[in-house]
Each structure stands twice: as structure tokens, then as C-alpha cells.
Amino acid sequence: MTETYLAPLEQPVFRLEISKAFEALTQKEKLYAHFLSQGSWEGSLICFHQTSVESWPLFLIFQKYFRSLPSLDSEDEDFKQLLQFAAAFYGNQGNYRSFGDTKILPRLSKEKFRGLLEKVSEEKTKKELLALFDQWADRIYNSEEKYLSLGLEEKGVSTYFSENITKADIEIANDFLKKKKNISPYNTRLWKHEEGGKVKYEIKTASAHKKPKEVYEHNGHSIEVTYGDHSEHLQKTADHIREAGKYIANDNQKEMISKYVEHFEGGSIEAHKDSQRAWIRDIQPVVENNIGFIESYRDPDGARGEFEGLVAIVNKEVSKKFEALVKGAEQFITKLPWPKEFEKDKFLKPDFTSLEVLTFASSGVPSGINIPNYDDIRQTEGFKNVSLGNVLSAKPKEAAPFIREEDQELYQSTEGPAFEVQVGIHELLGHGTGKLLQIDESGKKNFPEDLVHPLTLKKIDKWYKPGETYDTVFRSWASTIEECRAESCGIYLSTDENILRIFGHSNATSEEVHDVTYINWLLMCRAGLVALEFYTPSTGNWGQAHMQARFAILNVLLEAGQGLVQLEKTSNDVRVVLDRSKIKSVGREAIGRFLNVLQAYKSTADAESLVSFYSKYSTPNGDFLALRDVVLSQKKPRRVFVQAHTFVEGGDVKVKEFEPTPQGIVRSYLERFPSY
């Protein structure tokens, strides 16, 4: 196997520093944070079930095996390889990479893995381990092409669906779900049962309570909605969150907690929407959180949410920058390139804070978030933005591949501040902007009857129909196109001197391109090149929405010409060359045109036109496929995070941090999940 799929020889592990921020909380706030964290971690075990059929048994193997050992510091080479695999596995909450969706294969052989398990001294534990391993080893080690990526049909595997599901089956279920207001794909999975020539679809709803099934006929198809998927984990999640409700700070938190519990126990999507409404109203809490089936990146159909639990502490000092960005948002929005009719009628000022993460319980940890993802809430009621400060600061200090020697020093010193600006604009003025043109059930439109399309210059003839959302219309393309739109907004507005001053870059002038702006654009161009690592030529699949987006942006900037961006190639290397003097002219003009197209087609629900347009920029051609080998040759393992563990001792809440090593990440899981 190529290095692409093997577990790293040395898995980089970074610690999310939190003890100082946690100790500054009151005892009540600590208890609130602790129980929310407990609920988040318990719910995150669902991620193993959402990744692959073998991830949960592999989790049990690791928990039982490492718990049986007197020490994790053995110098045995086989053990060290297993430890690196375990760190990658835990760090991604499963045996597929959260960023890229490619399989993580053990570096040591099947026989050597089993050999380590055979050395366990306690007979009962050894017997359990060997039984689990023998049952699942073939799947853990399966390196057939279909099993190397998450995907549908011949392009990969997915546990959001039964293995016999086809795209045609998903269309049937999605059409049904579109017409059901009280059922959403977000907290469901889809199974197909075939008996005696008859087909029955089962929509498995995540809930602690196993309620009676609901039976429907839809266009000649039999569909059952069942409840109780992931029930054991969700009951424990609900119990912990209910306990957190004893330590709330206000009525908004009281309602939010109540609706969380209702959602996790009963499976009601409306209850989760109500939790998000209360969460939006909970402005600038000391302890922030968001829990549920949130992001749909890993569903190959782009509609079903992965479990995610965020608990964090607000950094009040750093948050002042983001608050200032929110205050100026209405002014900055007018500088975006699309017509005002394609912008929301009223900007709903969100809470935007910088957080120190105590818990991010999911398959991956982002740098910033804009939520909720429910279109009907975002468009009319509001949203929140968060920047995750201790994630942003947990960066390796080393030379960056594909950056010219003369740019390295500035790149290293300015990458952090530049990325902070990008995250702020991306979340607030990227994800937080743009209007969806809709018609409601009464036939009322939220746009003028005579509105002209900015691209065709003809009267608008497409819009979102009742029951349709951006995700259901754009499906598997929704995430990457939206990330591309937000990333494009980020670089487009990073030239604005007023935004730069908000982030403390006071010497920004309109005449010159600030270092922060230059490095921000250079970061984006480099990311577009690195993105080739996440493209699989044999299937034509992109394994990561953000990286596909960044590759598209790089293509736009290369197409702009006039020497703006160039790739200097040698036989075994490539360097990104960006002419900073042309960013404000050639660069902004090209990105502005690109953004206008993205927003026009998104606003008008024109998936066919937008996918055709976007595919042109986000599909690597022959030249880029040749460069992909160069990119892969310099690939470095992606970092994973070791997170703190909280526990109650003698009536006090304690926080324990672990060393940023593979041993540390294993120890954190052993302490976090003592019953597994």
C-alpha cells in the first residue's frame, strides 16, 4: 500500500491547552461545562458507528488492549506501530481520516497485530480481544479500492446507508423526506430491506427512546420511520445534559437544555431546531456549547449530520475583535460583489466569540464554525460564529512546503494572524451572508416579481420551493460550494483596511497590500495546491469539501493571468509565486466575478448551472494530476488533538490534561471512557 493510506510512522499530536481558562470559571460554571462535556463525549461514540462497520469493534479492541497493559511506553517496534495507528484512529474517531475520508490502514501486519493481543496476560480479556479481532480483521485490513474511501456504490463505503443502497434509493427517500416537515435527514440513516422480491426502506432515526415505527406509502414505495438508532449512547448523552441543566445561567440555557434532552431522547428534529433558537439567543455566555447531528461533510449524499459536541470557554479579550467585526458587518457586506437583492433583507447580527475549546467531541476539530445549519433559522432568525483560539494556536513551527525561500520567514511569522482574519471573514461575512430566493406554501415570494438575474439579465425563473433547502437542492455539492463561497469572501475582503485594523493591523493602507493580506492570499494558493492530496483520480472523488473549494479558488486565480499567480515547477518540486502588487486589482476582480456567479446560482436554487460551473474549476486536469505526485511526495501526517478530561472529585470539578503524544491520546480515551 502507498503511504497515502498507512497509519503515520509518527502521528503528530497537539494539546488543546485549557487548564488556565477552566480554572478561571466559577464552581457552577465548571459543573455546567463538565456535564455538557460528558454528554458530548458519550454522544461522540456515535461517530465510530457513522464511520465504518469495523470502527466500533476496533475501538473496543483498543480500549480493552491498552487498559490491560502495565505501561504504554514499550520500545517494541510492533507495539510502537500499533500505538501510532491507535493515535490516528482515536484522533479521527474512526479508521477513516476526518479530513480526506481516506482509510487508515495499520502499518504492522495482521499477524503481528494479533500477536500483540495474544500476549495479554488476563485470559478472559485475551479471549475477548482475539474473538473481536478475528471477526473484524479482514475488514480492518481490507485495501480493495472500494474500501479505501468513504463514498457511495463503487466509489466507497458509508454507514449512513445499508450496503445495498443505490443513488436511486436515496432519491426516493430524499423526495419523501422533503415532504415531511417533522423528519429531517440530519439525524437519520437509510436502510433498504429486500424480502421475497419486495423492497422496504427504513429511515433509522437517532433517539434514546425506541418508539413505535411509522409506516408510509410514497409514490408506490414502502417507507418505515423507526426510532432508537444509537439509543444507548443518546440516553447517556441526554442524562448528562439533563444534569448540566442544574447549573444553567439563564432562561435561554434552560430552554436549550430542555430541547436538547427532548431531541436526543425522542428524535424530534423540531426539538433540536428549538434548541438552536434558544442557543442563538444565549448571547456571550461564559461557557459556550453546541451539540447534535451538525455537519454533513461525511455523508456522501451531503444531507446527514455527524454527531458533534462542542463545549468551550469564551476568551473575552480576543472576542473583542470579532465583536467589532460584527458591528461593522453591514458596512462590509455592501462591499461584496453581488447585487443587493441577493443579500438578506436584514443582517441578523450574531454573537461572534473566540473560544478556548474544552471539548470538541467529533471526528475532527475545525478552526471556526458558523451554525446552525438549518436554512430556515439562518435566513430569518440568526446564527452564531465562533473562532476556536486554542485550535488556531496549536500549529507546528516548521518550513512550509511549496513556499519560496524568500517568503518563508514572513509566512511563518504572519500565518497565524492571517488565518485569524480569514476565519473571521469566512464565518461571519462568508457563511453569514447571501439570500435564498424562496416561495412559501401560499405562493408568496421573498423577492420582487420583476427581479433580474445578474448573469442572464433575464427575469428570475428559479427559486427554492416549499420544503427545499440549500442542502436538499445541492446535495453532495452543497458543502464544498458553500465552503468555496466563504473562503472566497475571506480573501476578497481581507484587502479591506478597516477589517485589518479591527484585527490590530493598524498600519494597513489603501495604497499597499498589507503583509497579512499577502500571506492570506498565499495561504489560499498553497492550500489549493496541497488540495491535490485529497483528490482520487481513479474515482474522480474529492475527499474533503474545503480542499476542493481551495483548489477551485487556485484555478480561478491562475486563470486570471497577468502574472498574478504562477506555479514554478522543477522535476521534483513546485513553488507558489504570488505577485502581491496585483492582489487588489487582478486578484480581487477575478474573485469578485467568481463570487457573483456562486451567489447568483445559489440564491436561485440553480444546482445544474452551478455544479457545471464549479466543476470546471474544481476538477484537476492533466497538468495538475502530474503535480499531484509531487504534492504526495511531500505529504505530512495531519495533526490530531489530545483533549482534556474533566471529573468530579470531592465535590470539586477537576481538569486533567495529557501529554501531546500518542500515549497521551490513548490515556485520554482510557480515562474518558472507563466502562469500555
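The values are calculated or read from the model by the stated rules, or taken from the named source; none is laboratory data. Please read all numbers here as calculations on a predicted model, not as lab measurements. Virtual Cβ from ideal backbone geometry, glycine too; neighbours counted across all protein chains shown.
Miscellaneous remarks
- Boolean, Ser633 is of a type in the set (Ser, Thr, Tyr) and exposed (fewer than 13 other Cβ atoms within 10 Å of the Cβ): yes
- Lys584 being surrounded by fewer than 18 Cβ atoms within 10 Å (Cβ to Cβ) and either of a type in the set (A, V, I, L, M) or over 24 Å from Thr102 (Cβ atoms) (or both): yes
- Leu567 being more than 23 Å from Asp515 (Cβ to Cβ) and either within 31 Å of the chain's Cα centre (by Cα) or of a type in the set (D, E, K, R) (or both): no
Residue by residue, here is whether (1) in a strand (DSSP E or B); (2) without any contact (Cβ under 8 Å) to a residue 12 or more places away in the chain holds:
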position	(1), (2)
Gly563	no, no
Ser571	no, yes
Val576	yes, no
Ser581	no, no
Tyr601	no, no
Phe613	no, no
Pro620	no, no
Leu632	no, no
Thr646	yes, no
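- Of the criteria (1) modelled with pLDDT of 95 or more; (2) on the phi < 0 side of the Ramachandran plot, which one Val318 fails: (1)
- In the set Leu558, Leu554, only one residue is touching a residue at least 12 places away in the same chain (Cβ under 8 Å) and either hydrophobic (A, V, I, L, M, F, W, C) or in contact with a Phe, Trp or Tyr (Cβ under 6 Å, 6 or more places away or on another chain) (or both); that residue is Leu554.
- Residue list for segment 194-240, restricted to those being touching a residue at least 60 places away in the same chain (Cβ under 8 Å) and small (Gly, Ala, Ser): Ala206, Ser207, Ala238
- Taking segment 320-397 as the region of interest, the helices (runs of 4 or more DSSP H) fully inside it that hold 1 or more residues being among the charged types (D, E, K, R) are 329-333, 375-380.
- Pairs are defined by a Cβ separation below 6 Å, a sequence spacing of at least 6 or placement on different chains, a first member in segment 321-337 that is under 21 Å from Arg588 (Cβ atoms), and a second member that is crowded, with 16+ Cβ neighbours inside 10 Å and among the hydroxyl-bearing types (Ser, Thr, Tyr); the pairs so defined are Ile333/Thr433.
- Looking at Glu163, Glu214, just one residue is surrounded by fewer than 16 Cβ atoms within 10 Å (Cβ to Cβ), under 18 Å from Asp299 (Cα atoms) and modelled with pLDDT of 95 or more, and that residue is Glu163.
- When segment 398-413 is filtered for residues that are part of a helix (DSSP H, G or I), over 27 Å from Phe332 (Cα atoms) and in contact (Cβ under 8 Å) with a residue 40 or more places away in the chain, the ones remaining, listed by number, are Asp407, Leu410.
- Selected residue [under 30 Å from Gly592 (Cβ atoms), outside the structural domain of Phe161 (by TED's automatic domain parsing) and out of contact with any helix residue (DSSP H, G or I) (no Cβ under 8 Å at 6 or more places or on another chain)] from Glu288, Glu323, Glu343: Glu323
- Residue that is modelled with the lowest pLDDT, among those in segment 348-381 that are under 11 Å from the mean Cα position of the chain (by Cα) and of a type in the set (Ser, Thr, Tyr): Ser367
- For segment 166-199, the tally of residues that are among the β-branched types (Val, Ile, Thr) and surrounded by fewer than 16 Cβ atoms within 10 Å (Cβ to Cβ) stands at 2.
- Residues of segment 457-466 classified as part of a loop (DSSP other than H, G, I, E, B) and exposed (fewer than 13 other Cβ atoms within 10 Å of the Cβ), total: 3
- Residues of segment 60-87 satisfying the condition of being assigned to a helix (DSSP H, G or I), in contact (Cβ under 8 Å) with a residue 40 or more places away in the chain and either within 22 Å of Pro300 (Cα to Cα) or of a type outside the set (A, V, I, L, M, F, W, C) (or both): Gln63, Lys64, Tyr65, Arg67, Gln81, Gln84
- Checking Arg638 against (1) assigned to a loop (DSSP other than H, G, I, E, B); (2) assigned by TED's automatic domain parsing to the domain that holds Lys435; (3) of a type outside the set (Val, Ile, Thr); (4) at pLDDT below 95, the condition it does not meet: (2)
- One residue alone among Gly424, Gly434, Gly416, Gly443 is free of Cβ contacts under 8 Å to residues at least 40 places away in the same chain and touching a Ser or Thr at 6+ places or on another chain (Cβ under 8 Å), and that residue is Gly416.
- None of Thr495, Thr480 is part of a helix (DSSP H, G or I) and either among the β-branched types (Val, Ile, Thr) or without any contact (Cβ under 8 Å) to a residue 12 or more places away in the chain (or both) except Thr480.
- The one condition from (1) within 28 Å of Lys465 (Cα to Cα); (2) crowded, with 22+ Cβ neighbours inside 10 Å that Glu343 does not meet is (2).
- Residues being part of a strand (DSSP E or B) and surrounded by 15 or more Cβ atoms within 10 Å (Cβ to Cβ) - total across segment 217-235: 9
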